[in-house]
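Structure first, then comments.
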Amino acid sequence: MALLVYALCALAALACSALLLNAWRRNRSRMLWWSGVCFFLLTLANIALIVDFFVLPDVPLWPLRHGLSLAAISALLYGLIFEEK
């Protein structure tokens, strides 16, 4: 059951990323770009979570997961602070 929830979270983040990046292609708004990058990195973090818990449970992948999450939030924060005028 947990695998299903984690997979659905990854798919939802991927769908958000795809929609945001598609909107960015049409509008060229920098905030859409950084939001799409954030959700793409969150998708990778969710995939790393699935790999960590279910595929390679003996290999500690928490630094990778936390690093991807930090990069995602940093990208969004950068966009919020420096890109919108």
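Below are the figures for this structure:
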item	result
First in region 26-46 and more than 13 Å from Ile73 (Cα to Cα) and touching a residue at least 12 places away in the same chain (Cβ under 8 Å), second anywhere and of a type in the set (Ser, Thr, Tyr) and surrounded by fewer than 22 Cβ atoms within 10 Å (Cβ to Cβ), Cβ under 9 Å, 6 or more apart	Asn46/Tyr6
Count - residues of region 1-31 that are surrounded by fewer than 20 Cβ atoms within 10 Å (Cβ to Cβ) and in contact with a Phe, Trp or Tyr (Cβ under 7 Å, 6 or more places away or on another chain)	3
Output for region 53-73, where each listed residue is more than 21 Å from Leu20 (Cβ to Cβ), assigned to a helix (DSSP H, G or I) and out of contact with any helix residue (DSSP H, G or I) (no Cβ under 6 Å at 6 or more places or on another chain)	Phe53, Val55, Trp62, Pro63, His66, Gly67
Selection status of Arg26, among the basic types (Lys, Arg) and modelled with pLDDT under 95	no
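The values are calculated or read from the model by the stated rules, or taken from the named source; none is laboratory data. Here the structure is a predicted model, which is why all the values come from computation and not from measurement. Glycine also receives a Cβ, built like all others from the backbone with ideal geometry; neighbour counts cover every protein chain displayed.
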